[in-house]
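Everything below concerns the one structure shown next.
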Amino acid sequence: MLRRLTLLTLLLAGCTGAPVGTPTGTPTHGTPTAAVTNEPEPTPVIEPTTSVSPGATDESSDSGNDWPATVTADLSPGIYVNEFANGSFTSSGPATACGNAFPSLFPRGWDMYFPHDSAHHDIEDVTFSADDLVPGTSTTSFYISVSIDSPSAGSPPSTVIDAKNPESSSGGAGLAQVSESDGTRTLVVDATGKGGISIHLTAVCTRP
């Protein structure tokens with residue numbers, strides 16, 4: 001009898017189609033758990049972006065390196081008649097910078113460095129910088145230096161006006177403004193320093 005019960009039990013288990021001890025049906029709770037692997041997570045791909053200075057366009061963010069430029073400077077030595085240049089001077093040539101030369105340091109800055117060649121120019125050097133000056137704006141905080149080497153004026157010391165530091169020995173005051181239209185940039189500076197020294201400068205740069 002015991003042997004028959006054992007056989008009957010085995011037969012019934014075979015008819016159910018499932019191994020003994022295995023629950024049937026679908027669970028009604030819980031969320032399937034994802035398999036855990038040792039594979040590293042993929043690194044997100046970050047596309048490079050181009051940063052444009054606040055208040056500037058893609059075009060105006062160009063430093064203006066080697067842009068053809070014409071610079072006119074009217075200089076007055078004030079009381080230093082025999083020391084600094086006196087007169088009106090004009091030169092043309094490529095600019096080292098006619099725009100923002102240091103955008104990572106001064107996102108809204110403007111620089112004018114002239115010239116960028118070895119040819120002789122009556123205006124031997126122009127160095128202008130402003131930390132906050134974009135096309136269409138003006139500022140009273142800037143530095144400007146103009147050096148002359150011409151038959152009429154000789155090679156006097158540079159005329160320097162530092163409106164960023166008005167209390168310094170070369171300090172002064174004035175206004176600088178920049179405009180830009182159709183690939184042409186224009187810098188206009190009017191500045192007066194100690195002893196009546198003055199600089200009126202206009203620089204026009206054109207995209208090559």
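The values are calculated or read from the model by the stated rules, or taken from the named source; none is laboratory data. What you are looking at is a predicted structure, and each value in this text was computed from that prediction instead of being measured. Cβ: placed from backbone, ideal geometry, glycine included. Neighbour counts: every protein chain shown. Side chains included, ligands, DNA and RNA excluded: accessible areas come from the protein's heavy atoms. Shrake-Rupley method; radii C 1.70, N 1.55, O 1.52, S 1.80 Å.
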| task | Kindly list the number of the only condition in (1) within 19 Å of residue 76 (Cα to Cα); (2) open to solvent by less than 60 Å² (accessible area, probe 1.4 Å); (3) over 21 Å from the mean Cα position of the chain (by Cα) that fails for residue 155. | result | (2)
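Being in contact with a Phe, Trp or Tyr (Cβ under 8 Å, 6 or more places away or on another chain) and charged (D, E, K, R) narrows it down to one of 194, 164, so name that one.
None of the others qualify; the one that does is 164.
Check whether at least one residue in segment 168-181 is free of Cβ contacts under 8 Å to residues at least 12 places away in the same chain, of a type outside the set (D, E, K, R) and not in a strand (DSSP E or B), and report yes or no.
Filtering segment 168-181 down to residues free of Cβ contacts under 8 Å to residues at least 12 places away in the same chain leaves 168, 181.
Cutting the leftovers down to of a type outside the set (D, E, K, R) gives us 168, 181.
Now restrict to residues that are not in a strand (DSSP E or B): 168.
Scanning segment 168-181 turns up at least one residue that is free of Cβ contacts under 8 Å to residues at least 12 places away in the same chain, of a type outside the set (D, E, K, R) and not in a strand (DSSP E or B).
Quick check, is residue 173 at pLDDT 95 or above and surrounded by 18 or more Cβ atoms within 10 Å (Cβ to Cβ)?
No: the conditions fail for residue 173.
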| request: Working only within segment 67-108, note down all residues that are in contact (Cβ under 8 Å) with a residue 60 or more places away in the chain and part of a loop (DSSP other than H, G, I, E, B). | output: 67, 77, 78, 79, 80, 83, 84, 85, 86, 95
| query | Would you pick out the residues in segment 130-142 that are surrounded by 19 or more Cβ atoms within 10 Å (Cβ to Cβ) and either among the polar types (S, T, N, Q) or in a strand (DSSP E or B) (or both)? | reply | 130, 139
